[in-house]
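*Asks:* I'd like to ask some things about the structure below.
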Amino acid sequence: MVGYDANDSMTPRQKLIVGCLSGVTTKFIVQPMDVIKIRSQLLRKPRKRFATYRIARRIFWEEGITAFWHGHCLGQLHSILGVSSQFYVYEMTTKLTSTFVPRKFQHIEHFICGLLAGCVCTTLIIPLEVIRVRQILVKDQYKNLFHGARTVYRYGGILAFYEGLSASLLQMGPQVGLQFATFSFVQPILLALIAKPCAPEECKNNKHKVATLALASSVAGSISGFVAKTLTYPFDLAKRRLQINTHRTNLKYNTPTQAQSLIRCTRLLDCLTKAYKKDGILGLFRGWAVTVYKAQLTSVAAFTSYELFCFAAREINALPE
């Protein structure tokens, strides 16, 4: 179970390692959806039917299959830092608050602990995220971590690495809080409905069978991803447009047609206002469909892999020395 458990056999160090493994697994699975999502949020062209399919098809024909993994190495570092810090901070804060927060307020506790985890995660990863977003748009211009960092710095100085920080904190804090709160609410209900806890001699340090745990975690992860991303989506849209503010097109690099005309802005409120004035309330949810698919996939992969890696670690801990 995600969150602090006084009877858990895992150490904080093991949970940190498990978080890193979960981050690697999650990023490999969701990277193609991430590329499509970012393109859909930044294009100037009007919304069309089957926009996700059209964007994916153009990426494939113009840039090849490897384009869906542009920024993947950087994305792996981003994911390892992001996922591991989220779970680690959440585990540690729930351990701290468990000593004084009454059980009837545990859902509020989970939200606040998740919010803190989201803010810590955002502050750690936003410089990498700025480079990665631009690398996804124009691979040649931001070739790798060090080249990309030099390019970002040359265009906007040190502050360019923190473009979109305000929107990121307003989006990621509540989003992660909602994810953990929803997951912690839904998963126990599903576990209670679909199976009984397994016998101690069968599962040793684990309370449920691995198949049951995987199913409940996947469904709860999907629901938590949908709820959290939908409620915080406008800030995610603004964050992406803020993160390319200082990006400048350079003719000596091969710039895909989808990255030649981008929407950018300099202030959070300005981003939200312009999106609303142009397309109404739907303008605040441009690219929502593919983003929610990606958020659900990310949440399923992150929570399920984390739970399964924790299951394996507890089984290892139960082995005789």
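The values are calculated or read from the model by the stated rules, or taken from the named source; none is laboratory data. All figures in this text were calculated on a predicted structure; none of them were measured in a lab. In this analysis, Cβ positions are derived from the backbone assuming ideal geometry, glycine residues included, and neighbour counts consider all displayed protein chains.
*Asks:* Mind checking which pairs have a first residue in region 185-197 that is outside any helix (DSSP H, G or I) and a second that is at pLDDT below 90 and of a type outside the set (Val, Ile, Thr), Cβ under 7 Å, 6 or more apart or different chains?
*Replies:* 195/208; 195/209; 197/207; 197/208
*Asks:* Moving on. Looking at 238, 214, 275 in this structure, which one is at pLDDT 85 or above and of a type outside the set (Ser, Thr, Tyr)?
*Replies:* Answer to the check: 214.
*Asks:* Which one of 112, 80, 108 is surrounded by fewer than 16 Cβ atoms within 10 Å (Cβ to Cβ) and over 27 Å from residue 286 (Cα atoms)?
*Replies:* Checking each option against the conditions leaves just 108.
*Asks:* Under 6 Å between Cβ atoms, which residue pairs at least 6 apart in sequence (or on different chains) link something in region 283-300 that is over 12 Å from residue 229 (Cα atoms) with a partner that is among the hydrophobic types (A, V, I, L, M, F, W, C) and part of a helix (DSSP H, G or I)?
*Replies:* Within 6 Å, the pairs are 283/275; 284/275.
*Asks:* Pick from region 99-123 the residues that are in a helix (DSSP H, G or I) and among the aromatic types (Phe, Trp, Tyr): which of them is modelled with the lowest pLDDT?
*Replies:* Here the answer is 105.
*Asks:* Within region 57-66, restricting attention to residues that are surrounded by fewer than 20 Cβ atoms within 10 Å (Cβ to Cβ) and in a helix (DSSP H, G or I), which residue is modelled with the lowest pLDDT?
*Replies:* 66
*Asks:* Could you tell me which residue of region 91-133 is farthest from residue 35 (Cα to Cα), considering only residues that are touching a His at 6+ places or on another chain (Cβ under 8 Å) and not acidic (Asp, Glu)?
*Replies:* Taking the candidates together, the pick is 94.
*Asks:* Is it the case that region 138-146 has a residue that's under 24 Å from residue 12 (Cα atoms) and free of Cβ contacts under 8 Å to residues at least 24 places away in the same chain?
*Replies:* Within region 138-146 (the criterion being under 24 Å from residue 12 (Cα atoms) and free of Cβ contacts under 8 Å to residues at least 24 places away in the same chain), the answer is no, since none of the residues qualifies.
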